[in-house]
């Protein structure tokens, strides 16, 4: 007997170019985080670690901006064209969470 999924999770098909770009950005962030961890393990100077944390934070923000732009250009625009005005409310709520 098959169980019905009660999840409401959405998914998105990404182009190979978008997928590669996002993964590359995340790989860079991951490398930066590993570098920060190594700095802590090697007792690096606090200011040097903080500078690297800021760089990793900026890289993660760049990832978020790219993903948000893609979301607006594709998912949001497509839903609005299809008459799904609730997508605008979802976008506004998402932007509110991102701007905290």
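The values are calculated or read from the model by the stated rules, or taken from the named source; none is laboratory data. Because the structure is predicted, anything quoted here is derived from the model rather than measured. Cβ: placed from backbone, ideal geometry, glycine included. Neighbour counts: every protein chain shown.
If the Cβ limit is 6 Å and pairs must be 6+ apart or interchain, which residue in the stretch 1-30 that is over 25 Å from residue 57 (Cβ atoms) pairs with which residue that is at pLDDT 95 or above?
Listed by first residue and then by second, the contacts come to nothing, as the list is empty.
Please give the number of the condition residue 48 fails out of (1) surrounded by 12 or more Cβ atoms within 10 Å (Cβ to Cβ); (2) modelled with pLDDT of 95 or more; (3) in contact with a helix residue (DSSP H, G or I) (Cβ under 9 Å, 6 or more places away or on another chain).
Residue 48 satisfies every listed condition except (1).
Report whether or not residue 14 is under 16 Å from the mean Cα position of the chain (by Cα), assigned to a helix (DSSP H, G or I) and over 21 Å from residue 93 (Cβ atoms). Let's see the steps before the verdict.
Details: under 16 Å from the mean Cα position of the chain (by Cα): yes; assigned to a helix (DSSP H, G or I): no; over 21 Å from residue 93 (Cβ atoms): yes.
No; evaluated as a whole, the condition is false for this residue.
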